[in-house]
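Read the structure below first, then the notes.
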Amino acid sequence: MSTQKIYDIIGVGIGPFNLGLACLTDPIEEIDALFLDKSDHFDWHPGMLLESTTLQIPFMADLVTLADPTSPFSFLNYIKKQGRMYSFYIKENFLVLRNEYNKYCQWVIEQLSTLQFSSEVVKIIFDEKAEVYHVTKRNTSTQETETLLTKKLVFGTGTSPYIPSSALPIKDKVVHTSSYIPSKEKLQQSSSITVLGSGQSAAEVFYDLLSEIDSFNYSLHWITRSSRFFPMEYGKLTLEMTSPEYVDYFFDLDKKKKTALQHDHKHLYKGINEDLINEIFDLMYAKKLQNGELNISLRTNSTLVNSTPFGDKVKLAFNQAEEDKFYQHETEFVLAATGYKAQTPSFIRGIEHLLKLDQQGQFNANRNYTIDHLGKSVFVQNAELNTHGFVTPDLGMGAYRNSYIIREITGKEYYPIEEKIAFQKFSVTPDEEIEHPNAILEEALTEV
């Protein structure tokens, strides 16, 4: 009879969401968890850790606070331990520097014994008789393999940089923003740089390059398919949509409505900090005042449809959507702020028949964040955008999702799970629903 240890949870991937789960499960005695990541250490978006850039959410949206404000793994405890509590207080800004958030996560990792880096999961199979998953991991340094057993799985493998297919013919001249910092020197030695995209990352790299344009004398261009440079919506009633009841509401909509809303909601989580938009304009104004005409341009409504090498440069073909015209643009490098996409990990092949996948091969998550057909043993983090909506990648909802997952796994609510926090009502309740608008007339006549 085998005496091999069986974990309650094995988490695959150690990003902020699974790291938060590791924090919240750490004090729970009945949970024996292990988290694996193929990287040799934690470094959160290192290619975009610019000196003064911040998260777009307050410090309370750390790994644990919205689930357990008393946790020793909170951001406030971190800065207290670092001797920066009063400096942070005096700063009077709830937004956390990205570099500081990265260091905070690294500090948390030092406190936990349930994390293993340099551990790549290569295969998972399910033992139906024993009702356990066999997880084979490979040490990326020694190449040695080991198989572990677990009752539950939590996938938090994150997303990968996305380059549109129309830019693949010039891939040697394309730098994704995820690699911006290590590529910055090379970009600035070129004669021209074109930023592609319109989200926060695009704005940050454009501003950074604009700040130093005088020193390097490159031309700088910013092109997006969006109809304008959308600011992130920070209205409090809009922020109520990052709530448990909105997740419930969105989940219950039909697939066609969800797809349409996903397009409409992009500016809710892919917009630009309004202050940064204003700073970009002010900097362009100041530089033009000092230097005369600048070799910069900004264009909207433009979708990249083709590209080709052209000597030391590249030529790009765009479609201007509102005019429905094509135009060409020449540049030496493209800096792609084109986002990230979830990739279905190859290690699921051995259990793919147990999982719910849609026609596009994406995970089709249940409301409780499971993706197995039985809805009880395989959970996902930040892979349920198509089913749970735009709050999926929101760091502020991570603690809620982790509390939910812990309750599903243990059957106990270790961390109180809010069900209703919004002043708004998103869905029609059974007691107020009517079959036809004329039904109110019939009821009025009945009263008479």
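The values are calculated or read from the model by the stated rules, or taken from the named source; none is laboratory data. Given the structure is predicted, the values throughout are model-derived calculations rather than measurements. Quick reminder, even Gly has a Cβ in these numbers, built from the backbone with ideal geometry, and neighbours come from all protein chains shown.
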Quick one: is GLU204 surrounded by fewer than 15 Cβ atoms within 10 Å (Cβ to Cβ), out of contact with any Gly (no Cβ under 7 Å at 6 or more places or on another chain) and over 30 Å from VAL428 (Cβ atoms)?
no
Could you check the stretch 106-133 and list, in sequence order, the residues that are hydrophobic (A, V, I, L, M, F, W, C), under 20 Å from GLU30 (Cβ atoms), over 23 Å from the mean Cα position of the chain (by Cα) and part of a strand (DSSP E or B)?
VAL132
Scan of the stretch 237-248 for residues that are part of a helix (DSSP H, G or I) and buried (at least 18 other Cβ atoms within 10 Å of the Cβ), ordered by number
PRO244, GLU245, TYR246, VAL247
Quick check, is ASN366 within 20 Å of the chain's Cα centre (by Cα) and assigned to a loop (DSSP other than H, G, I, E, B)?
yes
Among the residues that make up the stretch 319-327, is at least one of them touching a residue at least 24 places away in the same chain (Cβ under 8 Å), surrounded by 14 or more Cβ atoms within 10 Å (Cβ to Cβ) and not small (Gly, Ala, Ser)?
no
Criterion first (under 23 Å from GLU274 (Cα atoms) and out of contact with any Leu (no Cβ under 6 Å at 6 or more places or on another chain)) does THR25 satisfy it?
no
Does at least one position in the stretch 381-394 carry a residue that is small (Gly, Ala, Ser), in contact with a Ser or Thr (Cβ under 9 Å, 6 or more places away or on another chain) and in contact (Cβ under 8 Å) with a residue 40 or more places away in the chain?
yes
Qualifying position, being under 16 Å from GLY13 (Cβ atoms), among the hydroxyl-bearing types (Ser, Thr, Tyr) and part of a loop (DSSP other than H, G, I, E, B), among THR142, THR136, THR157:
THR157
The stretch 3-26, residues that are surrounded by fewer than 18 Cβ atoms within 10 Å (Cβ to Cβ) and either without any contact (Cβ under 8 Å) to a residue 12 or more places away in the chain or of a type in the set (Phe, Trp, Tyr) (or both):
THR3
So which strands (runs of 3 or more DSSP E) stay within the stretch 288-359 end to end and still have 1 or more residues that are under 28 Å from the mean Cα position of the chain (by Cα) and among the β-branched types (Val, Ile, Thr)?
302-310, 333-336
Lone unmet requirement of (1) without any contact (Cβ under 8 Å) to a residue 24 or more places away in the chain; (2) of a type in the set (Lys, Arg); (3) in contact with a strand residue (DSSP E or B) (Cβ under 7 Å, 6 or more places away or on another chain) for ARG225
(1)
Based on this model, can you work out whether ILE170 counts as part of a helix (DSSP H, G or I), among the hydrophobic types (A, V, I, L, M, F, W, C), assigned by TED's automatic domain parsing to the domain that holds ASN319 and within 26 Å of the chain's Cα centre (by Cα)?
no
